[in-house]
Amino acid sequence: MSYQLIDSYGRTINNLRVSVTDQCNFRCIYCMPAEGMVFVPREEILTFEEITRLVHIASGLGISKIRLTGGEPTVRKDFPLLVRMLAGVPGIRDMAMTTNGFLLKKMARDLREAGLKRVNVSLDTLNPETFKQLTRRDYLSQVLEGLEEAEHYFRLPIKVNAVAIRGYTDDELLDFALLARTKPYQIRFIEYMPLDADHRWSRDQVLTGREIIERINAVWPLEPVRRNGSREPADLFRFVDGTGEIGLIASVSEPFCGSCNRIRLTADGKLRTCLFSLWETDLKTPMRMGVTDDDLAEMIISAVARKEPGHLINDPSFVQPERTMSAIGG
Ligand code: SF4
């Protein structure tokens, strides 16, 4: 009987998100300050061998799915080599990546050949001006080209993660819905969460999942897709006329923490049991001090035993983590 990581709320943890760098070639306003961040020094970033060792240990504890994130994972030097190393880890059944898509046109083929099967592309707007406003970069066309390239190499539909922010992108819901109806893309609308470096998040900027569905449904009727026990964060809806699907990740208005199956490894080797954790377990320092795989496994098991019941965004006691999204990974 293979080991299973089960937390104190009875949730089985089988999904590890691995941030391979805190660096990024974008400067999204809900993630990084304009002037950028003080990035983690190179020597403090986990090496490919260290990441692979920790994923090996985690797979022995029942982790079967990994998602590679950043910052922006594709900016890490020789990234396809890491993908190839992780693709060889026994027990890892599924490996996906979340990317801003900028380098996807150039790297899609190499990443596929290295063993990557799925990609999620973060794209919050289809309007070049809004894109510049949100990312502080003029790269929309490169991202759209990257998406097109991805269609040839990765599992379809390609998932597009669109953070919906009132006052920025709420007028583009139908444009994105049209994209889901006309391209092999599953558009997943994500509610805006308080993880920004400038701590400027406010609840009235949150476009709730209910609102998004109602507005699209009024034009193109939608019906919920049965979840069949899947513990993926997104609620799925298909267009009644059968042309495409959209997803909803309503983390703020309809939290799904009760079925959370995820933990995270930061680029500098800290284990986080929740996106909004206020504490972390340092795996890098003991690893570099020469502890055994069993010792590291014990540290992961005891961290999961302390995994939070959920985020407290809707609770007056909520404290935003010091780490920004770019240093945690989506
Ligand atoms: S907020 Fe934390 S507990 Fe809730 S789903 Fe996300 S990672 Fe899991």
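The values are calculated or read from the model by the stated rules, or taken from the named source; none is laboratory data. What you are looking at is a predicted structure, and each value in this text was computed from that prediction instead of being measured. As a convention, Cβ positions derive from the backbone with ideal geometry for all residues, glycine included, and neighbour counts pool all protein chains shown. Just so you know, the surface numbers come from the protein's heavy atoms only, side chains and all, with ligands and any DNA or RNA stripped out. Shrake-Rupley method; radii C 1.70, N 1.55, O 1.52, S 1.80 Å.
Note on the chain: with neighbouring protein chains present and a 1.4 Å probe, carbon and sulfur make up 53 percent of its accessible heavy-atom surface. In the chain, the calculated helix contribution to ellipticity at 222 nm averages -8000 deg cm²/dmol per residue, counting -39,500 (n - 2.57) for every DSSP H run with n ≥ 4. Among Met287, Met32, Met95, the residue with the largest mean-square fluctuation in a Gaussian network model of the chain, with springs joining Cα atoms closer than 10 Å, is Met287.
Working note: Karplus 6.51/-1.76/1.60 with θ = phi - 60° gives segment 273-283 the couplings 8, 8, 3, 9, 4, 9, 9, 9, 10, 7, 9 Hz, where Gly and Pro are set to x. Taking all Cα pairs closer than 8 Å and separated by 6 or more residues, the relative contact order of segment 148-281 comes to 21 percent. Per 10 Å bin, what is the whole-percent P(r) computed from every C-alpha pair distance within segment 72-169? Answer for segment 72-169: a P(r) of 16, 46, 28, 9, 1 percent. Taking amide H as placed 1.01 Å from N in the peptide plane, the amide H of Val119 sits under 5 Å from that of Met97, Arg155, Lys159, each at least 5 places away or on another chain. Within the chain, the proportion of Cα pairs with more than 32 Å between them is 25 percent.
Across segment 42-56, coupling constants 3J(HN,Hα) worked out from phi with the 6.51/-1.76/1.60 Karplus curve, θ = phi - 60°, read 3, 5, 8, 7, 4, 6, 4, 5, 5, 4, 4, 4, 5, 5, 4 Hz, and Gly and Pro carry x.
Under 12 Å of direct C-alpha separation, and excluding same-chain neighbours fewer than eight residues apart, Lys106 reaches these aspartates and glutamates: Glu145, Glu148, Glu149.
Looking only at Pro286, Pro73, Pro316, which one moves most when the chain is put into a Gaussian network model with springs between Cα atoms under 10 Å? Its mean-square fluctuation being the largest, the pick is Pro316. The alpha-carbon of Lys270 sits under 22 angstrom from the alpha-carbons of these lysines, leaving out residues fewer than 8 places away in its chain: Lys65, Lys77, Lys284, Lys307. Annotation for segment 20-82 versus segment 236-290: alpha-carbon center distance of 14 Å. The residues of the chain expose on average 43 square angstrom of accessible surface per residue, using a 1.4 Å probe on protein heavy atoms. Backbone geometry of segment 124-135 corresponds, through the Karplus equation with coefficients 6.51, -1.76 and 1.60 at θ = phi - 60°, to 3J(HN,Hα) couplings of 9, 8, 10, 9, x, 5, 5, 4, 4, 5, 7, 9 Hz, x marking Gly and Pro. Cα centroid distance between segment 94-148 and segment 302-323, in Å? Value for the Cα centre distance between the two parts: 30 Å.
Residues considered: Gly146, Gly209, Gly290. Largest GNM mean-square fluctuation over the chain, using C-alpha springs under 10 Å, is found at Gly290.
Relative to the Cα centre, the charge distribution of segment 15-328, modelled as +1 at Lys and Arg Cβ and -1 at Asp and Glu Cβ, gives a dipole magnitude of about 680 debye.
Under the criterion of Cα pairs below 8 Å and six or more residues apart, the relative contact order for segment 15-328 equals 20 percent.
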